[in-house]
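Colleague: Let me begin by handing over the structure; questions about it come next.
Read-outs throughout are calculated quantities, based only on the coordinates presented, and are distinct from any laboratory measurement. As the structure is a prediction and not an experimental result, all values here were calculated from the model. Virtual Cβ from ideal backbone geometry, glycine too; neighbours counted across all protein chains shown.
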């Protein structure tokens with residue numbers, strides 16, 4: 001049972017990060033668009049990616065992660081790497097919701113941010129992924 005939960009947790013993580021890598025990339029192209037057909041296409045793509053892939057993957061990641069935690073909470077809470085990983089997971093949830101805010105602003109055609117901003121914003125989940133994997137595998141603390 002434990003290995004099935006780990007597998008489902010990892011599948012959810014991969015899907016969540018895939019969405020968090022792609023959504024800000026769509027923001028880049030959306031910010032560069034000025035014709036209605038392109039804008040409408042990006043609004044639709046962003047909405048479907050966020051609600052049908054990113055959200056379910058985030059909830060799967062959290063649900064399976066909490067389930068794994070509940071199997072041995074005392075053990076996990078004594079692990080420094082786990083506590084840091086949880087802080088990063090909470091910050092990643094915040095990033096997820098910031099993406100929603102930007103998606104809504106772009107949908108309203110409110111281009112307060114440039115494509116260059118979104119190119120940098122797009123790199124943030126890479127940093128989270130690297131740190132979380134190092135914490136989970138190497139367990140440096």
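Colleague: Report, to the nearest 10°, how far helix 2-32 tilts away from the longest principal axis of the Cα atoms in the chain, using its own Cα long axis and a range of 0 to 90°.
Modeller: Helix 2-32 and the main axis of the chain meet at about 20 degrees.
Colleague: Would you please give the FRET efficiency between residue 22 and residue 62, computed as 1/(1 + (r/R0)^6) with r the Cβ-Cβ distance and R0 = 22 Å, to the nearest 0.05?
Modeller: 0.65
Colleague: With r defined as the distance between the Cβ atoms of residue 4 and residue 113 and R0 fixed at 35 Å, what FRET efficiency is calculated, to the nearest 0.05?
Modeller: That gives a FRET efficiency of 0.30.
Colleague: Given 10 °C and 1.306 mPa s, compute D for segment 93-141 with the Stokes-Einstein relation, Rh being the Kirkwood radius over Cα pairs; round to the nearest whole µm²/s.
Modeller: For these conditions, the coefficient is 126 µm²/s.
Colleague: Kindly list the residues of segment 99-129 that lie in the label zone of residue 36, defined by a backbone N under 16 Å from the point 7 Å along the Cα-to-C-beta vector.
Modeller: 108-109
Colleague: Just want to confirm a number: the relative contact order over the chain, from Cα pairs under 8 angstrom separated by 6+ residues, in percent.
Modeller: 39 percent
Colleague: Tell me the mean residue ellipticity at 222 nm calculated for the chain from its helices only (DSSP H runs of n ≥ 4, each -39500 (n - 2.57), averaged over every residue, nearest 500).
Modeller: The helix contribution divided over the chain gives -27500 deg cm²/dmol.
Colleague: How big is the shadow of the Cα convex hull of the chain, averaged over all directions, in nm²?
Modeller: 8.5 nm²
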